[in-house]
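Just so it is clear, none of the values below were taken in a lab; they were calculated from the coordinates. If you're wondering where the values come from, they're calculated on a predicted model, not measured in any experiment. Note that we place each Cβ from the backbone using ideal geometry, even for glycine, and neighbour counts take in every protein chain shown.
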Amino acid sequence: MTKAGSPDPASETSTSGLAPRLLAEAVRVHEEALGAPLHEPLADEQGRAAGGGLERRIIARAGVLSPAPALRAAFASLRTATHIAFAAGLIAAVIAGSGAARLALGAYDAGPVNFFLALASLLGLHTVMLLVWLVFMLFHPGGAAVGLLGGVVLRLARRIALWLNHGPLELAALRAAGVALANPRLGRWTLSTISHSMWMAYLAGCLGMMLLLLGTRQYDFVWETTILSERAYVAIARALAAPIEFLGFPVPDAAQISGSRWTRPGELFTGRELWGGLLVGCLVAYGVLPRALALLVSLAGLLRARAAYRLDTSRPGFARLQGRLISLAQPVGVVDPDEPETEEAEEAAKPAAAIGGSGPVAIVGLEIEPSAGGWPPVVGDVEWWDLGFAEDRTSRQHIARLLAAAEQPPRAVVAVCSLAATPDRGTGAFLASLVQASPAPVVLVATDGQRLRERTPRGETEQRIADWRTLATHAGIPGERVLDLDLDHLTADSRQRLGRLLGGRSEAHAAAPPAARLAQAFHLITIHAEAWKGEPGMAERAELQRAIARLWEAEGGGAGWRSLLDLRSADLARPAQSLKTAARRMVDLLPARLRLDPRWLAAGAAGGAFACVAAAALVAPVAISALPAWAGLGAALSALVPKRAAPADDNRAIAAVPDLGPAVDAAALFAMLLALQGREETVIGRVLDAAAGTETHLPPLDSPAAVRDRLDGMQARFAEALAAEEAGA
Amino acid sequence: MTRDRAMLRRAALVVAVVGHTNTGKTSLIRTLSRDASFGEVSNRPATTRHVEGTVLLVDGEPLIELYDTPGLEDPMGLLEHLESLRGGRRCDWIEVIEEFLAEPPARFAQEAKALRQVIASDVALYVVDVRDRVLGKHRDELEILGRCARPVVPVLNFTASSDARTAEWREHLARINMHAVAEFDTVVLDETSEQRLFEKMRTLLDSFLPTLDALIAERSRQRTSAVRSAAALVADLLIDVAACRLLVLEQDIDRRDDSLGQLKQWVRQREQDCVGALLELFRFDDDDCEADALPIQDGKWGSDLFSPSSLRDFGIRTGSGAAAGAAAGLAIDAMTGGLTLGAAAALGAAVGALWSGLSSHGRRVADVFRGYTELRVADETLRLLAARQVELVAALLRRGHASQDKLHLQSDAEARRSRWTSASLPEPLREAREHPEWSRFDETGGPGSERGSACERLAAEIAATLNPAGAGAIP
């Protein structure tokens, strides 16, 4: 940290080195404290222009942000503070060192100096600390003990820095320095360097005082022992002295050593200058030299750590800048533009000759799978001539040949395509060739609406049908001969519709007009609502839906609404599964807007599920509450109705007002669906959309009167929309 | 030095994306380039009628050029045309195709654009909608592509769909000798399958090994970094909110609505900041077309954090007698000042922790004696906060570039959610409860080393819930 940011101005704009990184770190801390990155487009631009990796760009951006100069000043003041702390530490160490030397040599009149004790008191702690440092660096490089003195100095520097200035930017700078020091390599080498510097100052103080005292005073050096032999002592002293002698210091020889043993007071000592030389030599050889070596190693480590220091760009404060600074892709634009379409010679559609006469109706499937109801589908008294499926070139040619060679020309050709497939020019070309080859009018039936709905949750069904219609028109099939009809979910009404188009005998349409039937159903809902005490239970809701279903059942068309909801009687044996299917199917039939509305989504799912229960009860008349289907009901509903964000309504949950709304909505939706069965699914969607109304925040329905009001509104809108549809058709 | 050499050898790889119409070619490029504004996507045929390109960059260096092409709409007609062009000659198909490209009939203008781009590229990605059966048109397309003298990697799109026929497609592709097949759902983004796609390309393109390796490494680094950052952001939020508390004088207990509102407002704002940071982290623009794939609207959680219905929506059970009205979502801790035995025991083990616990408890006991009541954010709210944020991050991580069918992600989401809604709160959060000074709600509070370590532990736990087993561990 001391050397944080060299002061030369060149480094202010460069992106390498420690200083710019510290600045970026400080900017991050500052921005995180603010809660969001600073919005400075110019700086972002500079960052992007810097090129290279994210780190480089972050650094470049930080360097030109508006708080950068202030942060640099903060770092300068932090540096000053660190210098002060460092200098104070050095002075203290020099004083400590000279004090230690003074103590080691003892008072002048205290008699001779015990050489080995003096040496131990001078170098003992120093050597132990050096060894501790070494051990920690080797075996536990992350440990805090690598630079105890360094830590003290840095803490002092922090105090001084805070005392000098403690604005938010200064705090950011301080914290950034802390982050940098938390980097294991940088931290430990910085602390080591400071610690070694302190010890060097201590040794310098020692050495200076020692030389001063030895130069100006006269000390006698002796050695003493109680348990060791003289020979051992001489050996130790010689071993200590050998390297020192090598360095050129005067040292006592063996005889002089053994002669220096303390015997009695008042004796005359010789070889003072030799012992003094040995003491100074030991200080240099066993103190200054190893410490200097460690200092050099630490400095080298520090330099390398500084050069290797990188920002951790996965920190949120940095990572979130990615979007501003680095793009993942660079659009190159359009390389081969669309040529303005050469207007295709619009095929003059054959005049829509009426379909009539006798003969079979040819049917061909275009890249579809046979429907679940069997192939060809059963439609009234229509006699099919099955041409098979057009899947590839061979089968297409085969079908064309069959048509051309027909002995008895068909009265119509029905081509069945799948709404799940995207209409393409290839299919268009085949349809056109079919129109050309066929002696009779061609009808296009678009099936698989359910599959398309499952695939496109956002409700692009209408668009897809329109695309098929366009394709058909281009191929020469007039719009009224394109029928959106789900062969998997044929109802009596839809069969009749297809039959009529194919010129079959038009059965008398005895059914009551849908609006009248709906009025009966809505009246039933009101009656049931009046009987409910509080929110209706599951059995009560199912009972209501059974009553509604009975209204239509009476006509003998009961199978119709069941197949509309995919309720085959065989499936009713597996209640959990069919509950889910029915709920899902009902939801899928809803127009996109209603499907995204939590209220109608829930109503649709519940309506479908209860319809399933009602159907089960109609098939095998038992008490509704005794049906086994209940177990799966909750699961079926919760699988379909996502926990969408509800409006912030603290009070609703607390106020215990009974809300008949969900039950009424579900039942009304069910009734409207029954009233609309057999129509094109797009028509069903549009009428339901209109009937549902546009109010989003409805008060809870808490009285039969309110129920009647809501149903009346719905019924009026329903009648209006249906009238508009019929007028349009 | 070695890095420089590697850079020199990294040539940009040119990729053509082809396929039948409306199979998600543009979506694939959007997803690979993380650029939702690329091209135009719709569910209609022939949305793309030109060749448009984008370059994938790594640190500003262009690595892969992706070109979007118009769909092959009439492959049967085209194949027939090519066969008639060739006639009875004995020449390589590529010559026939070049002949066709020299003067394409107007009928096949779109197909010609696509084929021209394939021939100008190093590899073609053939995008398939696996919800379709293998039809004659697909066979013909593959046959035409096989004659273009370029490696082709089939990319199976919509594999996450419930009616995907992945096995059928793989079988067919193997029959026509295409074994390097990639599954890549453009709707449900999955980093593993993206990586596999690049690996499949690598098997066919020896000379571009360094390019693809660099891209794979960068993408995996990005994901790791995104998960770590996101987890750190959420952890920071949770610690802030778990630690925050409000002191209210006992005698003011009836007039505390103002200060309650203040605390709640602070928590709401804090959550909003975190949402903003997450969206920015994942390069999310408000006008992104996939906005409705996220559980939030207009960059905000629609429902209020403190409303009981929000808790219910996330399946969080409120304890008996959950506070209603103004105090909903807050817990009153008047009696003990937080000195519950359980909390103290949780702190217990380490001496250091014990000491800090004691000193902080001391202050709190003093507060109680001075007649203060302590209010803080209830556990349930904290759970909701965590569950919501984790859900958002998960959605952001898996964000493809089309709408998202939530059903397929449900089971995954349930598991993630239950970690926060039913299991006990993570230990760092319980610790934060004892340290009001960790919260930025406290003017002088905020980052510190103990808080930092709690934050890190919590972030690791969050990152673990974000990475289901097997999907790339976080170091």
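Each other residue within a Cβ distance under 15 Å of B:A454 adds +1 if Lys or Arg and -1 if Asp or Glu, for a net charge of -4. Within the stretch A:172-267, the GluC sites (Glu not before Pro) that combine a DSSP coil assignment with at most 16 other C-beta atoms in a 10 angstrom radius are A:E224, A:E267. Using the Cα gyration tensor of the stretch A:97-190, with a ≥ b ≥ c the square roots of its eigenvalues, what is the shape: rounded (a/c below 1.5), prolate (a/b larger than b/c) or oblate (neither)? Because a/c hits 1.5 or more and a/b fails to exceed b/c, the stretch A:97-190 counts as oblate. Reported to the nearest whole Å, the Cα centre-to-centre distance from the stretch A:301-325 to the stretch A:164-188 is 14. Paramagnetic label reach from A:S77 (point 7 Å along Cα→Cβ; backbone nitrogen cut-off under 16 Å): within the stretch A:157-183, residues A:157-177.
Taking other residues whose beta carbon is less than 13 angstrom from the beta carbon of A:V664, and scoring Lys, Arg as +1 and Asp, Glu as -1, yields -4. On the principal axes of its alpha-carbon atoms, the stretch A:9-319 has extents of 87, 34, 32 Å, going from largest to smallest. Over all Cα atoms in the stretch B:2-204, the spread is summed up by Rg and Dmax: 16.9, 54 Å. In loop segments of the stretch B:69-106 as defined by DSSP, the trypsin sites (Lys or Arg not before Pro) with at most 16 further C-beta atoms inside 10 Å of their C-beta are B:R89, B:R90. Calculated over the stretch A:687-729, the projected area of the Cα convex hull averaged across directions stands at 3.1 nm².
Spin-label model, A:E230 to A:E480: label points 7 Å out along the Cα-to-beta-carbon direction sit 13.9 nm apart. Normalising by the residue count of the stretch B:2-204, find the relative contact order in percent from Cα pairs under 8 Å and 6+ residues apart. That works out to 21 percent.
Relative contact order of the stretch B:1-112, taken over Cα pairs closer than 8 Å and 6 or more residues apart, is 26 percent. Stokes-Einstein diffusion for the stretch A:361-501, with the hydrodynamic radius set to the Kirkwood value over Cα pairs and evaluated at 37 °C in a medium of 0.692 mPa s, equals 217 µm²/s. Near A:L321, once Lys and Arg are set to +1 and Asp and Glu to -1 for all other residues with Cβ below 11 Å from its Cβ, the sum equals +4.
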